[in-house]
Ligand code: DC
């Protein structure tokens, strides 16, 4: 098996940026698993379906085409909320499992970011990071991103979204968001992107030295 780097953490923690920088540094393909759940939510909303209906959500996951991850709609605030709601259904998670696992098992390895990568999708990952930041810092980052995309939303609305999403993602029964026992915590609250990447790289280098595995 190739070198697998699992990057988990809450919404807008900086995990996506850290994951894509690591992928570029090590020459590994990257999978943003949040996009899978976002696309499942978006395609269900497009047909007027109920996000809280387990069988409708599972059917949406079964019909997913990976080209849907490229659509700009999956990056919206509504898509994030829809993703978190469809992600509670075990049938949705089961349907998306094989695809994620197959990605993890490909040579030369992968960087995968999400909520349950180090715990469920790739418990055998060589390096595990749990990237977090304070709710206020995360809300500020997400607010800048969304308003930059042209969405009209206040900081307080985003902060409320963040608290609701943390409670739902961390409180669900199936594969809740949690730090794996062997994951290293990286709090990016006070860090620039460059500092977060440097810290992440050191964590991966330590893991690589321990496992004796060279990525790429
Ligand atoms: O990383 P993100 O904000 O794009 O994720 C959107 C939602 O998808 C998140 O609130 C919960 C769900 N998700 C999940 O349950 N498991 C994952 N591995 C990734 C995302």
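Table: residues versus (1) over 30 Å from residue 26 (Cβ atoms); (2) not in a helix (DSSP H, G or I).
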position: 81; (1), (2): yes, no
position: 147; (1), (2): yes, no
position: 151; (1), (2): yes, yes
position: 158; (1), (2): yes, no
position: 173; (1), (2): yes, yes
position: 182; (1), (2): no, yes
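If you go through the range 167-197 and keep only what is within 16 Å of the ligand (Cβ to nearest atom), loosely packed, with under 12 Cβ neighbours inside 10 Å and within 16 Å of residue 8 (Cα to Cα), you end up with 167, 171.
Residues checked against (1) within 12 Å of the ligand (Cβ to nearest atom); (2) surrounded by fewer than 19 Cβ atoms within 10 Å (Cβ to Cβ); (3) modelled with pLDDT under 95; (4) over 26 Å from residue 183 (Cβ atoms):
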position	(1), (2), (3), (4)
5	no, no, no, no
12	yes, no, yes, no
21	no, no, no, no
24	no, yes, no, no
46	no, yes, no, yes
77	yes, yes, yes, yes
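When residue 76 is tested against (1) in contact (Cβ under 8 Å) with a residue 60 or more places away in the chain; (2) under 25 Å from residue 6 (Cβ atoms), only condition (2) is not met. Taking the condition of being within 14 Å of residue 78 (Cα to Cα) and more than 17 Å from the chain's Cα centre (by Cα), how many residues in the range 128-145 meet it? Residues meeting the conditions: 1.
The values are calculated or read from the model by the stated rules, or taken from the named source; none is laboratory data. Just so you know, these numbers come straight off a predicted model, no measurement behind them. Because the Cβ atoms are built from the backbone with ideal geometry, glycine has one as well, and the counts that use them run over all protein chains shown.
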